[in-house]
Amino acid sequence: MSQDHETGRVPLTATRAISVFGISVVGFMTANLVPVMIVALTGEPGFSDTEAGTLMTGSLLACALTCLLTSKWASRNGRYLIARAGLVLTAAGFGAAAFIPSAPVVIAGVLVGGLGAGGAVSAGGAALGALRNPDRASGISGFTNRAIVSVLLFVIPVLGAGMGSAFGLLAGLALAALFTTSWLPDRPSTKTIAPVSQPRKTTSPTAALAGFGLLACFALWALSEDSLWAVAATMGAEQAQLDETGMGLVLSLSTLGGLIASGLVGMAGRRLGRTIPLAVALLAGAALKMLSGLVSDPGWYMAVIIAWNTFYMLAFIYIVAIAAALDAAGRWSAPVLGVYLVGSSFAPFFGTFVSSSAGYDVLGYVLAGMTVVLMVPLLLISRVSVRTEKASANNPSPDINQAAIA
């Protein structure tokens, strides 16, 4: 597998890219397609807006729970089984929801599909940690996600936002990804990292503390980011008099901004560093979130939301890269998207509650403040990830050096 002798990480090849990024994207696609899935559920199945939203929240929470429960297994020897089982459940659940017009079947199918998607997320996330250059790998992963989402968000309305298009296309993608699971990179082998006669240094307490801190911060950051996204349309209409056409343009250009941001990170890899770009993205995001609650001109509002989405994607990529860099086996990159979904699941309630009770300006200040506060531990954790990655590559363990001398 051409593993590094010291770290066990493998280079990114075409087959590994298709498998790792494809499976991750399919697993996370439920969160990306929530708006069109809600529209589909309120159509032929006849669910109300509240019922459809509640069902999709349940699906997202099921995805997050499965991801967190299987992440430890995925970071060890179970990623292949978890990926296959997850993709099968995703295809079966969403396929049933798409083509069997019965309310109980739709409800069960959407929830089962969410459970399966969580397995795909954890398996793909764990495999991401096995790739060299976590910054580049995370950038390419983000670019792939945005590109596929852009295509689906264009195709589904063209086909008609019904159950067959919204849920059936995702079921088909899950089946296609199922055939790529054997290409997933395995967890690093201890034999490739050091000879058997040399004891290998285990994960340091600092790295473990950084990993748990990262998961907690990522969930809270997801809450702050997706709270703004949840009210972006209503805020644009009420505060900036933005019509549906303008909001559609905002969504399209926001996706383009995310594509550009993730593409730049994918091409730059380590050359930009990790901590400084993350600091810039978080600070810019905080400022733009504050401005979003203040601007009343439609043009300025569009510019603020598009710029915020671009910096959001940059920060997202670097936080995932931190998780991958902290452990090559995927101990932290496996659950990182799961905790994001946990925070994201509560964002619509939080965003609408604060904005309706205190106003959009207060919401902007609250979300900006959350980002600034979270920036401090995230930057410290980023520095730990850089040191951990370098230490793993240089293999500085005194125990190993003494064993070599002996």
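Below, the figures for the structure above:
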| item | result |
| --- | --- |
| Hey, residue 334 at negative phi, in contact with a Pro (Cβ under 9 Å, 6 or more places away or on another chain) and modelled with pLDDT under 90 or not | no |
| Residue match in region 70-80 (condition: surrounded by fewer than 23 Cβ atoms within 10 Å (Cβ to Cβ), assigned by TED's automatic domain parsing to the domain that holds residue 30 and among the aliphatic types (A, V, I, L, M)) | no |
| Neighbours by Cβ (under 6 Å, 6+ apart or cross-chain): first from region 147-163, not assigned by TED's automatic domain parsing to the domain that holds residue 263; second crowded, with 17+ Cβ neighbours inside 10 Å and modelled with pLDDT under 75 | 150/255 |
| Wholly enclosed helices (runs of 4 or more DSSP H) of region 127-179 bearing at least 2 residues surrounded by fewer than 18 Cβ atoms within 10 Å (Cβ to Cβ) | 134-159, 168-178 |
| Residues of region 288-332 classified as within 14 Å of the chain's Cα centre (by Cα) and not in a helix (DSSP H, G or I), total | 1 |
| Checking residue 307 against (1) at pLDDT 85 or above; (2) crowded, with 17+ Cβ neighbours inside 10 Å; (3) closer than 30 Å to residue 391 by Cβ, the condition it does not meet | (3) |
| Residue identified as modelled with pLDDT of 85 or more, among the charged types (D, E, K, R) and not assigned by TED's automatic domain parsing to the domain that holds residue 56 among 297, 327 | 297 |
| Hey, residue 96 in contact (Cβ under 8 Å) with a residue 40 or more places away in the chain and either part of a loop (DSSP other than H, G, I, E, B) or within 27 Å of residue 38 (Cα to Cα) (or both) or not | no |
| Every residue from region 180-189 that is part of a loop (DSSP other than H, G, I, E, B) and either touching a Phe, Trp or Tyr at 6+ places or on another chain (Cβ under 7 Å) or aliphatic (A, V, I, L, M) (or both) | 184 |
| All positions within region 229-252 that are closer than 21 Å to residue 147 by Cα, at pLDDT 75 or above and surrounded by fewer than 17 Cβ atoms within 10 Å (Cβ to Cβ) | none |
| Residue in region 338-357 that is closer than 24 Å to residue 28 by Cα, part of a helix (DSSP H, G or I), modelled with pLDDT under 85 and in contact with a strand residue (DSSP E or B) (Cβ under 9 Å, 6 or more places away or on another chain) present | no |
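Here's the yes/no breakdown for (1) over 13 Å from residue 112 (Cα atoms); (2) crowded, with 20+ Cβ neighbours inside 10 Å; (3) in contact with a Phe, Trp or Tyr (Cβ under 8 Å, 6 or more places away or on another chain); (4) not hydroxyl-bearing (Ser, Thr, Tyr):
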| site | (1), (2), (3), (4) |
| --- | --- |
| 27 | no, yes, no, yes |
| 31 | yes, yes, no, yes |
| 41 | yes, yes, yes, yes |
| 44 | yes, no, no, yes |
| 49 | yes, no, no, yes |
| 52 | yes, yes, no, yes |
| 55 | no, yes, yes, yes |
| 66 | no, yes, no, no |
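The values are calculated or read from the model by the stated rules, or taken from the named source; none is laboratory data. Everything quoted here is computed from the prediction, not taken from an experiment. Note: ideal-geometry Cβ built from the backbone for every residue, glycine included; neighbour counts use all protein chains shown.
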